[in-house]
1. Test of understanding: among 400, 330, 391, which residue is in contact with a helix residue (DSSP H, G or I) (Cβ under 7 Å, 6 or more places away or on another chain) and without any contact (Cβ under 8 Å) to a residue 40 or more places away in the chain?
2. Looking at (1) surrounded by fewer than 21 Cβ atoms within 10 Å (Cβ to Cβ); (2) part of a loop (DSSP other than H, G, I, E, B); (3) under 23 Å from the mean Cα position of the chain (by Cα), which is the only condition residue 353 fails?
3. For residue 350, all conditions in the list (1) outside the structural domain of residue 57 (by TED's automatic domain parsing); (2) within 30 Å of residue 224 (Cβ to Cβ); (3) out of contact with any helix residue (DSSP H, G or I) (no Cβ under 6 Å at 6 or more places or on another chain) hold save one; what is the number of the exception?
4. Would you point out which residue out of 128, 95, 103, 180 is surrounded by 19 or more Cβ atoms within 10 Å (Cβ to Cβ) and closer than 18 Å to residue 204 by Cβ?
5. Hey, could you check the stretch 126-153 for residues that are part of a helix (DSSP H, G or I) and touching a strand residue (DSSP E or B) at 6+ places or on another chain (Cβ under 9 Å) and say which is farthest from residue 274 (Cα to Cα)?
6. Does residue 300 satisfy the condition of being assigned to a helix (DSSP H, G or I), surrounded by 18 or more Cβ atoms within 10 Å (Cβ to Cβ) and either in contact (Cβ under 8 Å) with a residue 24 or more places away in the chain or in the same structural domain as residue 89 (by TED's automatic domain parsing) (or both)?
7. What's the number of the only condition in (1) at pLDDT below 95; (2) surrounded by 24 or more Cβ atoms within 10 Å (Cβ to Cβ) that residue 171 fails to meet?
8. What are the residues in the stretch 377-402 that are farther than 23 Å from residue 356 by Cβ and either crowded, with 19+ Cβ neighbours inside 10 Å or not assigned by TED's automatic domain parsing to the domain that holds residue 352 (or both), if any?
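The values are calculated or read from the model by the stated rules, or taken from the named source; none is laboratory data. All of these numbers come straight from a predicted model, not from anything done at the bench. All Cβ positions, even for glycine, are placed from backbone atoms using ideal geometry, and neighbour counts span all protein chains on display.
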């Protein structure tokens, strides 16, 4: 039997894959990518696109960073994976140590998994069982915030904003939590505190994306909001969880977004850029206080969770190599330069009548429109301009690699200026 030609595999395969966030009946064929280098994606038809969103914010050092690739190749030759139940591996142990040293503030125990959604689920499970182990079984609800997005699994959908977002379909079947406005002003702060005072005995924790609510609309808030939330969590005896799946590893201008407050959470969630966009990896990092809530002679007090690929040696080797690059190169200075360029390049769009807002933080640039009439057409126009940018909702955004060259960043900005600035999408 003769093997199919490569093009035939692509054509036939598109009849079998189920694409994310896509109505398959009306889907326009996705673009087959065959190679990545630097900040560029090469397509099967020979075109090359400059990636403006770093593969959903994960490829923080650009694609194929040599040091990370070499670390993966070396680990692959030795041991790609071994179960983390009863066994451990050096890359995972080394990564756990390095992460806790980077984070500080009593964040001492790292639970590995393989995606941001699962890592948030683990955080929720930790918080709930923390109270169960203490006999406070009535604490079953979380305070989350309007505009939030924490993942696509059932538990994470339940703490996201379901009113207008992608998970509205599930609103009536999800576990109900307390979705409130972020305390960005005195009125919303007072409303949140009043709610906590009334319901604290039934609440388990507070969870928030620090500084930027990512997939919920790239909504930004000040570091003061985090300080207020930390203080309220302490005042009413709740655990405080920060979801830094998007914001971690330099994206907002500091290594971790919470460091701009500065406060420390009880639990921190990391993924995406953790492995430099090369392999699936996530971490739920718990404070000593949380971990001590499971330390017991009672086997039932253990955290009964264990993803098959937990602590994957290959992914952890990639993450360690990525941390090497953060240590060896001025990544945060590069973010500062990107921020300046984004501010200058996107500012002219603010006076367009179809633009609602332009906002920038670190290596995140957002143009919020009053509406986007045809998402598919807008994406095609951006591709025709030579860039890979994936607008969603009513926003066009840039989250380039932290190491993107200046000329490629300017190409991205010119494409957005032209496509968004010339006419209402």
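1. On the way: 400 fails: without any contact (Cβ under 8 Å) to a residue 40 or more places away in the chain; 330 fails: in contact with a helix residue (DSSP H, G or I) (Cβ under 7 Å, 6 or more places away or on another chain).
Checking each option against the conditions leaves just 391.
2. (3)
3. Status for residue 350: all satisfied but (1).
4. Values: 95 fails: closer than 18 Å to residue 204 by Cβ; 103 fails: closer than 18 Å to residue 204 by Cβ; 180 fails: surrounded by 19 or more Cβ atoms within 10 Å (Cβ to Cβ).
After ruling out the rest, the residue left standing is 128.
5. Of the stretch 126-153, the ones part of a helix (DSSP H, G or I) are 126-133.
Next cut, touching a strand residue (DSSP E or B) at 6+ places or on another chain (Cβ under 9 Å) only: 126-128, 130-131.
On the way: 126: 21, 127: 23, 128: 26, 130: 26, 131: 29 Å.
Only one residue fits best here, namely 131.
6. Numbers: assigned to a helix (DSSP H, G or I): yes; surrounded by 18 or more Cβ atoms within 10 Å (Cβ to Cβ): no; either in contact (Cβ under 8 Å) with a residue 24 or more places away in the chain or in the same structural domain as residue 89 (by TED's automatic domain parsing) (or both): yes.
Considered against the rule, which asks whether it is assigned to a helix (DSSP H, G or I), surrounded by 18 or more Cβ atoms within 10 Å (Cβ to Cβ) and either in contact (Cβ under 8 Å) with a residue 24 or more places away in the chain or in the same structural domain as residue 89 (by TED's automatic domain parsing) (or both), residue 300 comes out as no.
7. Answer for residue 171: the failing condition is (2).
8. 388, 401, 402
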